[in-house]
Amino acid sequence: MRILLLNLSPKNYGATQEILKTLQEAAPKEAETELVCLGDWDIRYCKGCKACYKIRACVVQDDMRALMDKVEAADVLVLAAPSYWADVPGVCKSFIDRCTPYSDTNPDPDGPRLRAGKRCYGIALRTGVRPMECEHILGTIEHWCGHMGITFSEGVFFCQIEGKSDITPHKPLLREKAGQWFKKTEK
Ligand SMILES: Cc1cc2nc3c(=O)[nH]c(=O)nc-3n(C[C@H](O)[C@H](O)[C@H](O)COP(=O)(O)O)c2cc1C
């Protein structure tokens, strides 16, 4: 099983990274895992040109294609995003927009599509107390899955998270989730 843990924020040393590291460490030994932070990649914004509708690829030359190779290789995805102004961070929105060539919103039926059978787990976190912002972020991840042909299996969220150290009390729950999420499934 290949597991891709995707930090949807620009920051590879914060609470979001800590959540994903905890899940990665709790993954079964036989699983191949990779933790990637969008902030470490050159992902430019979508220009809205719709050239991908015709040429089945994006005209923007950056790291997006290499990143999508990792998404394609994965059987299980874990996407985690902190709230930035009650929404996903800008780099995450750029990533989502740039997935258009691979999504079913691209009207070309022969356009590139991800291999079927992937499942995804979503994680949202914020500093504030109320869950609504996190639910909105999980909705965005679920919406992305819907258009990418990926099954959205579960979402979890954490409120009152300011930094990495606030994740410590949640580590038992994260390890429990890793046990459920990364269980071997019959193919
Ligand atoms: C630009 C920016 C905007 C933020 N906006 C919100 C917000 O609207 N609501 C909230 O609860 N937290 C907000 N936060 C706090 C982050 O969601 C929180 O600190 C989170 O733990 C950051 O995760 P990280 O350590 O992985 O960067 C914001 C943080 C930043 C940097």
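The values are calculated or read from the model by the stated rules, or taken from the named source; none is laboratory data. Quantities reported herein were computed from a predicted structural model and do not represent experimental measurements. Virtual Cβ from ideal backbone geometry, glycine too; neighbours counted across all protein chains shown. Calculation scope for accessible area: heavy atoms of the full protein, side chains included, ligands and nucleic acids excluded. Shrake-Rupley method; radii C 1.70, N 1.55, O 1.52, S 1.80 Å.
Hey, what number do you get for the chain at 222 nm if only DSSP H runs of n ≥ 4 count, each worth -39500 (n - 2.57), divided across all residues, to the nearest 500?
After summing the helix terms and dividing by the residues of the chain, the value is -10000 deg cm²/dmol.
Taking the chain as the reference, fit the longest principal axis to its C-alpha atoms, fit the long axis of helix 132-148 to the helix C-alpha atoms, and give the angle between the two in degrees, 0 to 90, nearest 10. The angle comes out at about 40 degrees. Within the stretch 98-165, the GluC sites (Glu not before Pro) that combine a DSSP coil assignment with at most 16 other C-beta atoms in a 10 angstrom radius are E162. Count the DSSP beta bridges whose two residues both fall in the chain, then state the antiparallel fraction as a percent rounded to the nearest 5. Given both bridge residues lie in the chain, the antiparallel proportion sits at roughly 5 percent. For K11, the lysines whose Cα comes closer than 25 Å to its Cα, not counting residues fewer than 8 places off in the same chain, are K21, K47, K70, K93, K164, K171, K177.
Can you give me the % of accessible surface on the chain that is carbon or sulfur? Probe 1.4 Å, all protein chains present, nothing else counted.
51 percent
If you sort M64, M1 by accessible surface, 1.4 Å probe, largest first, the order is M1, M64. Dipole of the chain computed with +1 at Lys/Arg Cβ and -1 at Asp/Glu Cβ about the Cα centre; of H143, H170, V156, farthest Cα towards the positive end is H143.
Using only alpha carbon pairs under 8 Å that are at least six residues apart, calculate the relative contact order of the chain and give it in whole percent. Display every interim value, and only then the final one.
Details: 344 pairs, mean separation 49.4, N = 187.
Once divided by the residue count of the chain, the mean separation gives 26 percent.
For the stretch 62-187, what is the Kirkwood hydrodynamic radius in Å, using each pair of distinct C-alpha atoms?
Numbers: mean 1/r = 0.0637 Å⁻¹.
Hydrodynamic radius (Kirkwood, Cα pairs) of the stretch 62-187 is 15.7 Å.
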